[in-house]
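The values are calculated or read from the model by the stated rules, or taken from the named source; none is laboratory data. Not measured: the values here are computed from a predicted model. No Cβ is skipped: glycine too gets one built from the backbone with ideal geometry, and neighbour counts run over all protein chains shown.
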Amino acid sequence: MSVREIPLIGDISEGVVRAGTTVRRPMRATSPAVHALLRHLEAVGFDRAPRFLGIDERGRAILTYVEGVVPTHPLPAYAVSDEALTAVARLLRRFHDAAASFTPPPGAIWEDGSAPEGPAEIVGHCDVTPANVVFRARPGTQPLPYALIDFDLARPTTRLFDVVTTLRHWAPLADPVDRDPLQRPLDAVARVRLFCDAYGLPTRERLMLVETARIRFGRSYTLMRERARTLGGGWARMWDGGAGGRIRRAAAWLDAHEDAIVSRLLAPDP
Ligand SMILES: Nc1ncnc2c1ncn2[C@@H]1O[C@H](COP(=O)(O)OP(=O)(O)O)[C@@H](O)[C@H]1O
Ligand SMILES: [Mg+2]
């Protein structure tokens, strides 16, 4: 029996298709490690990620298709709401707590990406953009973040590093000129606090958040430039489309708002 395959268009991967209730993805060097993570998530009862079902006759990974909507750009209102922000923070926290008990298989190969200072605490998702989150609506409500997809960049990291990457896209930590139209008027400083409260980020990490973001921006810049040069494809398209300038402006925005972010993050509950 053959099921019609529908191409799924994302940021980077080529050849991702939907086939019925499944998604088929070309295997990469990192796929065995990612599949081990997905199996672990399933084993500990974290049901907000695709399940790994096996390898198909064409050598592609078979994952479950997660029903719902995935926002695309320009982002719709439901994707930039405070409710969506708190829901994605809680989702990330649940994922981190589930991933904390995962021991990667010996010799696991992960995508190399910007690395935190110091030792890794968990295998993080490392790419929680709105396009990598499935939203679901309950009757009478706007769609809210429901599940994480696209674990291609998962790798050992720290919770805070993954928080910062997520905030980069969702607060967002970005110069208003680079934001999606509906994100422009948002109070990103207040939303950093909202996110960290919903995640339950301890004070120790709050104190390190801005510095961690600064480190992350610097590393992303270098890494994206290198990927564009050596890998081409979607990476080159992103770089040629001005990704480097956006990171530089985000870093400048962060510097300008550092004091506001820190005082908001550490202020007593209203
Ligand atoms: N398991 C899944 N369930 C539902 N939708 C998916 C799933 N995997 C991918 N998609 C859809 O396909 C798009 C591209 O897949 P993704 O894994 O994010 O690839 P890319 O690396 O290109 O970003 C996603 O943004 C989403 O819309
Ligand atoms: Mg994606």
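Observations on the model:
- Here PRO7 fits the description: near ligand 1 (Cβ under 10 Å from one of its atoms), out of contact with any Leu (no Cβ under 8 Å at 6 or more places or on another chain) and either free of Cβ contacts under 8 Å to residues at least 60 places away in the same chain or in the same structural domain as GLY107 (by TED's automatic domain parsing) (or both).
- Applying the condition of being of a type in the set (Val, Ile, Thr) and in contact with a Phe, Trp or Tyr (Cβ under 9 Å, 6 or more places away or on another chain) to the range 24-76 and asking which residue is farthest from ARG93 (Cα to Cα) yields ILE62.
- Residue within the range 129-145 that is assigned by TED's automatic domain parsing to the domain that holds SER101, of a type in the set (Lys, Arg) and under 22 Å from LEU265 (Cβ atoms) present: no
- Of all the numbered requirements in (1) in contact (Cβ under 8 Å) with a residue 60 or more places away in the chain; (2) closer than 15 Å to VAL134 by Cα, THR22 misses one, and that requirement is (1).
- Test: residue in the range 225-232 that is out of contact with any helix residue (DSSP H, G or I) (no Cβ under 9 Å at 6 or more places or on another chain) and small (Gly, Ala, Ser): yes
- Listed by position, the helices (runs of 4 or more DSSP H) enclosed by the range 166-270 that each have at least 3 residues that are at pLDDT below 95 and on the phi < 0 side of the Ramachandran plot are 203-231, 233-240.
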